[in-house]
Structure formats: structure tokens, C-alpha cells
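Coordinate-derived values only; no laboratory data. Just so we're clear, the structure is a prediction, and the values are computed from it rather than from any experiment. All Cβ positions, even for glycine, are placed from backbone atoms using ideal geometry, and neighbour counts span all protein chains on display.
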Amino acid sequence: MSASALPSTRSAARKPDAVSRAAGEAVQKGAPLVTLLDVSKEFPNGVTALARLELCVRAGDFLSLLGPSGCGKSTALRLIAGLEPTTAGRIEWATGDAKLRPRIGFVFQEPTLMPWASVEMNVFLPLRLAGWSLRDARPRIEEALSLVGLPDFRKAMPRELSGGMKMRVSIARALVTRPSLLLMDEPFAALDEITRFKLNDDLMRLKQEMGCTVVFVTHSIYESAYLSTRIAVMAARPGRIIAEIDIDAALPREEHFRRESAYLQACANAADALHGAMDARDHL
Amino acid sequence: MSPEIPHITAPEDEGLTIGTSPGDGRREGIIKARLVGVVLPILVFAIAIGLWELIVRVNGIEPFILPAPSLVISTLIKDWGTLSLSLLVTLRTMAIALLLATLGGVGIAVIFAQSRLIERSLYPFAVILQVTPIVAIAPLLLVYLDSGTAILVCAFIVAFFPILSNTTLGLASTDPNLRDLFKLYGAGRWRELVLLRAPSALPYFLGGVRIAGGLALIGAVVAEIAAGSAGHGSGLAYRIVESGYRLNIPRMFAALLLISLTGIFIYAILALVSHLLLRRWHESALDR
Ligand SMILES: Nc1ncnc2c1ncn2[C@@H]1O[C@H](COP(=O)(O)OP(=O)(O)OP(=O)(O)O)[C@@H](O)[C@H]1O
Ligand SMILES: [Mg+2]
């Protein structure tokens, strides 16, 4: 599908420095979109997944949550999405009300497609639940599928797709509502490095094109340094943020960014923070 | 001047590769293997029947001790008038019982899915009905109900449980991430049930119906034997009891044969329905 076949409203109607919200107004770029204040999460089995987490997601951010397995990254993301209540602390939205929070897209660690439904019906789901008819939703579905490079797979069933293609369908499903906040939980962790690099580049351009804010969970230092404008480094037991690293380089970035000092510095800082946290634990 | 549209594409999977057809030699081999797979069981079955016929003839066994297969078939044709009426009675009982069990089992499973508490309070009743042998319940039911209804209730009781337990399990076995997704997009209970839980439960439900089909037949037969009464509504099992009293063993075998065929028929139909409903997506129905 060519670019001109896409509805023009998406890129044309929006001011470059603003992010759209469900309520229709815009949060200025750089202003807090959602803030986690002193948030703790304890599970019924007694595990403290997060302790006194402070985190501010700003409109336009590409924020990575980086940390070792089990440090509470997924939990933090689920709290933001409202899939799980906090045990203590508050989550504040720029709108002042969780009910008026911006439209959210969520990409799970696994593709999480409905195996009985075609690719099209899977991508249709968020709009269907919002009361759209399939006929009205079709242009949106086609748009989302061509954004992820699968315009010809509408009728395919999930089992006919490779792992990477399933993940892209899952991303298309998150994009179909044109969310202003995209939450992604290690979406590329199960993919090979070559595919991952490609998807990283595409994701960055997609973010710029859609003008959305992204919170991206990963356990790869390199992936977070390449993609993000800010990295929140987390440590485990209890889950907390031990460092925030700003990366001053415009998005989208290209392959040569991996050789620039901003990238290398971010990698070094993130690694230092992670090692620092581990050493501190070893000396306890 | 059109904006550049970013595409998320992976280099290696641009299209679905269509499997190359196997070479002629291989295909021939596959066909031969399939043929053997069909022909061999039929052959073994025919040999077994032939042996039976041979043993009866060589030893001159009396028909009231063991009738030859040929005699069973000729009795079936001769008594078709009576037997076919009984077959219809049994089939009807089974069909109604299976239908009621499906409606009841699914309905109650949906109620169970709404609340753990309801499930916990009601499940014991279902288990009690299931574990108490139907042979023991049948005489009791015959005290309270007329024989036709009692037979129907017996068939229902045995068919009900597998549908209930399988559907309950299926409704509870949805992918938790998909459940979260529905929650994220603000889906209500009803839409979650229809769009998510029902399709996830379908394979489990169909498995339950397949078991229930066979059990409904067993339930009907057991109850008919317990009822043991004649009348216009006497099924195949009653014909067996009656033939036993009259020492009409060939007819007994003929009725037995019809019961077996009924069971096979029901199973085949339900397996076919299940295959047609699941073949596009479920592992159990994919071509291997
Ligand atoms: N539903 C739950 N019940 C009890 N404990 C849980 C639950 N979910 C997560 N946990 C615990 O909370 C901690 C954080 O889990 P979480 O899934 O957020 O980690 P993560 O950082 O996403 O790890 P990974 O990188 O492996 O996905 C872990 O110790 C885990 O055991
Ligand atoms: Mg996780």
C-alpha cells in the first residue's frame, strides 16, 4: 500500500509538538503525561514487586524501563495500564482523572493473539470493543497492518504466521486505536537480533510518525540506549528505580548512532548503575 | 512530498512459503501407507467375523447358545419392523437427553464462570450425581416417574456431567493476557464471555459433548433394562431383555448390533462436527 492511500488526518491534523489524548486536548510535549508517586506493589503471596517507585513519563518520551529479570518491569507497566491496583502510592494522569487517561496501546511479552480469529479480526478487537462496526474499522485496520508491514495478511490465521509476524500483528492491534501512550513489554525479546534491529528502527520511526509516547520494557542495555530518550534503570528485591539516564539525541536514530558518544555513554552509565546495584547486594 | 510511512518489516518473512509438493515417489508411498491403514483394519475385522462363522458351523453350535453372524444379520432383516421401532425410541431418548444435557451443562457452566462462590456451592451436587452409579439411581427414578421420563432423566444425568465439567474448565482456561487486553479496552462481562471465553472453551466443550454422546446411550440402555417394561415406548435394550426371556438369542444379538452401530454413528457425527468447527485454528483438528 502506498503512502498516499493512507488517511491523511493522522499526520496532517496534528501540531508537531503536541500529543493527542482521548479527551481531545493535547498535552504539551515534555509535560508530565503520567506520574507514579511513591508507588508500591505487593502481591497476595507476599512478594514485594515494587517499593516506593517514583517515575514521571513525559509526553513525547521514549522511556525505557531497563532491569534484570524479576525486577518488576512488567508489574510497573501493568500498574500504568490500570490492569492491577497499586498497594500504596498514586498514579496521576495529566488529565487529573484515571477515567480520562489517554488512549493506551499495550503490547505484551508474547503476541497474545486470539488463535480462532483471523489477523484482521484480531486487529479489529480494540475498535470492536469500542463499538465500531467492521465496515467503519476497515480503513483503520488496513492502516495499522500496513504500518507494521503486513498489508497482505488480513485473512491469514495466527498459526500461519512466524513469531516475528505475530508480534507485528500484536503491535498493529495496539496501534489501531491510534493511542497516545504505547506500553510495550519486551516486545522483541523473543526475536533474533537481525529482526530486532529492523523492528527497533521501524518502531522509532513509527513513534515519530504517530507522535505518541512510548514506555518500553527491555532487559537489553543496547536496545534501551539505542531507542530511548530516557532510561529508567531498575533493580530487584525490592523493585525500584536506581538511575535515570537522559539521552540527548533526536529520534529517529540510525545505525551510525551506535558509534556515537551519546549512545556509548548511555550504555556505560546503564551498565554502571546495574553493576552498582548488584555489588551493593553482594556486600550485604 | 508524501510523508514516509514507516513499515515494520522483518527481512526474512516477506511471504508465506507454500510447501513444495512431494516427489511422485514419495506421494505414491504416502498413498500406499494410507491404503494399508484403511484396508488392514477392515481385513482383520472380516477375518474375526469369518472365524466366528466358521467356529459356529464346524462345531454345530445351537443358535440359542451362539448364533452365527449370518443368522444375526438375517434376524435383523426379518425382525426389522420391531427392531427399527425400538431403534427410533432409543435414538429419540438419546437425542433429547443429549440436547438437554448440552443446554443444561453449558448454561450452568456459564453461571459457574460468573462467580467462584456459586461454582463451589453447586459443584458438589454435580459430582454426587456423577459418582453415584446410574444403575443404582434408575430404580429410584422409576418409583417417582413414569418409565419413559425416568429413562430420559437417566440418560440426561450421565450425559450432563462431562459437558458441565469440560465447559467449566474451558471457560476458565482463557489466556490471562487476553483477559487483560479485554479489561484494558473496557469490555464488559458479556462481551468477554462471547468474544473471548466462549471461543476458548469451544474445544473443551466439544470434547465433553463427544464423551456425553456415548454416555447418553449407556444411560438410556441401563435405564431401559432397569425399567424392563413393555409398552409402546420400548427401546433396543428392552428388546434385549425380552429376547433373553424368550431365549431368542439371535434377536438379542441383532439388537446388540444395532446399539453398537448407534454408538458408532453418534460418535462419528459428533467427531465430524467438532472437526468442522475447529479445523481452522485448533491444534487437535489441524491436518498433520
Ligand atoms: N501475579 C503475581 N503474583 C505473585 N508474584 C508476582 C506476580 N507477578 C509477578 N510477581 C513477582 O513480582 C516480581 C516482579 O515480576 P515482574 O513480572 O514484574 O518482573 P519483570 O521485571 O517483568 O521480569 P522479566 O524480565 O523476567 O519479565 C517477581 O519477583 C515475580 O515473582
Ligand atoms: Mg516481564
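Among A:LEU37, A:LEU66, rank each residue by its count of other Cβ atoms within 10 Å, from fewest to most, as a rough exposure measure.
By the 10 Å Cβ count, ascending: A:LEU37, A:LEU66.
Would you work out the charge dipole size for region A:54-119 about its Cα centre, treating the Cβ of every Lys and Arg as +1 and the Cβ of every Asp and Glu as -1, and quote it to the nearest 20 debye?
Rounded to the nearest 20 debye, it is 100 debye.
Taking only C-alpha pairs under 8 Å that are 6+ residues apart, what is the relative contact order of chain A in percent?
Relative contact order, chain A: 24 percent.
If each residue's Cβ is checked for other Cβ atoms within 10 Å, how do B:ILE151, B:ILE259 rank with the fewest at the top?
B:ILE259, B:ILE151
What is the mean projected area of the alpha carbon convex hull for region A:195-248, to one decimal in square nanometres?
4.2
When DSSP assigns beta bridges and you keep just the ones with both residues in region A:165-269, what percent turn out antiparallel, to the nearest 5?
That works out to approximately 55 percent antiparallel.
Long-range amide H contacts for A:VAL107: which residues qualify at under 5 Å (H placed 1.01 Å from N, peptide plane, sequence gap of 5 or more or a different chain)?
A:LEU183, A:MET184, A:ASP185
Ratio to report: Rg/Rh of chain B, with Cα atoms as the point set and Rh obtained by the Kirkwood method; give two decimals.
Value, to two decimals: 1.12.
Mind checking the mean number of beta-carbon atoms from other chains within 10 Å of the Cβ atoms in A:107-117?
5
Within 10 Å of each Cβ in peptide B:174-187, how many partner chain Cβ atoms are there on average? Round it to a whole number, please.
That average works out to 6.
What does the net charge come to around B:VAL273 if you take all other residues with beta carbon closer than 13 Å to its beta carbon, with K and R at +1 and D and E at -1?
+2
Between the helical axis of B:134-144 and the dominant principal axis of chain B, each derived from Cα atoms, what acute angle in degrees is found, rounded to the nearest 10?
Approximately 70 degrees, to the nearest ten.
By how many degrees, 0 to 90 and rounded to 10, does the Cα axis of helix A:163-175 deviate from the longest principal axis of chain A?
So the helix axis and the longest Cα principal axis differ by about 80 degrees.
Answer with one residue from B:SER147, B:LEU122, B:ALA159: the one whose Cα lies farthest towards the positive end of the charge dipole of region B:122-210, charges on Cβ with Lys, Arg +1 and Asp, Glu -1.
It is B:LEU122.
Let me check I've understood the local charge: for B:LEU258, count other residues with C-beta under 15 angstrom from its C-beta, Lys and Arg +1, Asp and Glu -1. What total comes out?
+1
Antiparallel DSSP bridges in the protein assembly as shown: what percent, to the nearest 5?
Counting DSSP beta bridges with both partners in the protein assembly as shown, the antiparallel share is about 55 percent.
Net charge near B:LEU171: determine it from the other residues with C-beta under 14 Å of the C-beta of B:LEU171, scoring Lys and Arg +1 and Asp and Glu -1.
Local net charge: +1.
Averaging sequence separations of C-alpha pairs under 8 Å and six or more residues apart, then dividing by the length of region B:107-176, give the relative contact order as a whole percent.
47
Taking the convex hull of the Cα atoms, report for chain A its projected area averaged over all directions, in nm².
The orientation-averaged projected area of the Cα hull of chain A comes to 15.8 nm².
Largest first and to the nearest Å, give the Cα extent of the protein assembly as shown along each principal axis.
Extents along the principal axes, in whole Å: 101, 62, 55.
Roughly what angle does helix B:198-227 make with the longest principal axis of chain B, taking Cα atoms, 0 to 90 degrees, to the nearest 10?
It works out to around 10 degrees.
Once amide H atoms are built 1.01 Å from N in the peptide plane, which residues 5 or more positions from A:ARG58, or in another chain, come under 5 Å H to H?
Sorted by chain and number, the residues that satisfy this are A:LEU33.
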